[in-house]
Amino acid sequence: MQLNTIKPAAGATRDRKRIGRGPGSGHGKTATKGHKGQKARSGGSIKPGFEGGQMPMQRRLPKRGFEPLSRKEYVVINISQLDIFDNGTVVDPSVIIAHGLASNLRDGIKVLAKGQITKSLTVKAHKFSAAAKELIIAAGGSVEEI
């Protein structure tokens, strides 16, 4: 066997469809474009969303609101949820996920001040509300922004 004698298996390849090469090819005359109409003309491509001159759907529907590209979406954790941990525990995103308080992090974790906290914890998160910081520190814990 030599490299110049190797061929693909029978039926594994097909010949290229040569359109517009006479009636004997089976693809002559209209060159597979059918008879007349916009799609049969040269340069006759229709833009996405074009509806034949009718006002397109994306222009008929009202536009509302604005979603800034720089907006960050945080997973919200309340300090009452952190009360399940023991005194002196370091609570960081990996611990929060491990205990099922958050399933995916998105852009980070924000701790809010809803509820009460009775244990002193070291809480590491991406953002804190001012009231949450005060309550955690008042309970004897510490706050660390990642």
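When Rg and Dmax of the Cα atoms in Å is computed from the coordinates, the matching label among (i) 17.6, 67; (ii) 32.9, 90; (iii) 14.5, 46 is (ii). Per residue, the solvent-accessible area of the chain (1.4 Å probe, heavy atoms of protein chains only, all protein chains present) comes to 78 Å². Of the solvent-accessible surface of region 1-41, computed with a 1.4 Å probe and all protein chains present, 51% belongs to carbon and sulfur. Between His35 and Glu67, the contour length at 0.36 nm per residue exceeds the alpha carbon distance by 6.9 nm. Can you classify region 72-112 as rounded, prolate or oblate using the Cα gyration tensor, where a ≥ b ≥ c are the square roots of its eigenvalues, rounded means a/c under 1.5, and otherwise it's prolate if a/b beats b/c and oblate if not? Prolate, because a/c is 1.5 or more and a/b exceeds b/c. Where a Cα-Cα gap under 21 Å defines reach, which lysines qualify for Lys29, not counting those fewer than 8 residues away within the same chain? Candidates past the 8-residue exclusion: Lys17, Lys39. For Lys114, the lysines whose Cα comes closer than 20 Å to its Cα, not counting residues fewer than 8 places off in the same chain, are Lys124, Lys127, Lys133. Give the Debye-formula value of log10 I(q)/I(0) at each listed q (0.12, 0.13, 0.24, 0.28 Å⁻¹), with one equal scatterer per alpha carbon of region 1-76, two decimals each. Per q value, in the given order, log10 I(q)/I(0) is -0.74, -0.77, -1.13, -1.25.
Between the amide H of Thr89 and those of Thr122, distances stay under 5 Å, these residues lying 5 or more places away or on another chain, with hydrogens modeled in the peptide plane. Compare Gly24, Gly44, Gly53 in a GNM of the chain, Cα atoms joined below 10 Å, and give the one with the largest fluctuation. With Cα springs under 10 Å in the chain, the top fluctuation among Gly24, Gly44, Gly53 is at Gly24. Under 21 Å of direct C-alpha separation, and excluding same-chain neighbours fewer than eight residues apart, Lys36 reaches these lysines: Lys47.
The values are calculated or read from the model by the stated rules, or taken from the named source; none is laboratory data. This is a predicted model, so every value here is computed, not measured. Side chains included, ligands, DNA and RNA excluded: accessible areas come from the protein's heavy atoms. Shrake-Rupley method; radii C 1.70, N 1.55, O 1.52, S 1.80 Å.
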